[in-house]
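Following: one structure in C-alpha cells, then a few remarks.
Where a number appears in this text, it was derived from the coordinates with a stated rule and is not lab data. What you see is a predicted model; the values in this text were computed from it and never measured. FYI the Cβ positions are ideal-geometry reconstructions off the backbone, even for glycines, and counts take in every protein chain you see.
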Amino acid sequence: MSNKEIQEFNEKLRRGLELAEKRMLQEKALRNQDVVVCGADQVIRRIPAKQVIADNPIFQD
C-alpha cells in the first residue's frame, strides 16, 4: 500500500468509528443510560449519554 492509500484507509476507519460511537450514544441517550468513561486523570466515571452528546459538538446533528 502506498502512503496515500494508508492515509485514505485511516481516514475511512476514523470516520466509521466516529459514526459508530455517535450511534451508540444516541441509542443510550434514548434509553436514558450512562456511558463509562475514563478521564485524563485516569478516574473511571459513569456519565449520562445525553451529557456526553451535549458536551461534544462532533456528536450533535
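The table below gives the values:
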| quantity | calculated |
| --- | --- |
| Matching residues in region 7-52 - criterion: being part of a strand (DSSP E or B) and out of contact with any Cys (no Cβ under 6 Å at 6 or more places or on another chain) | 34, 35, 36, 37, 38, 45, 46, 47, 48 |
| Every pair of residues 6+ apart whose Cβ atoms lie under 8 Å, when the first sits in region 42-59 and is within 12 Å of residue 29 (Cα to Cα) while the second is small (Gly, Ala, Ser) and in a helix (DSSP H, G or I) | 48/29; 49/29; 50/29; 53/29 |
| In region 15-39, the residues that are small (Gly, Ala, Ser) and either surrounded by fewer than 11 Cβ atoms within 10 Å (Cβ to Cβ) or over 19 Å from residue 57 (Cβ atoms) (or both) | 16, 20, 39 |
| Condition check for residue 4: out of contact with any His (no Cβ under 7 Å at 6 or more places or on another chain) and either part of a loop (DSSP other than H, G, I, E, B) or in contact (Cβ under 8 Å) with a residue 12 or more places away in the chain (or both) | no |
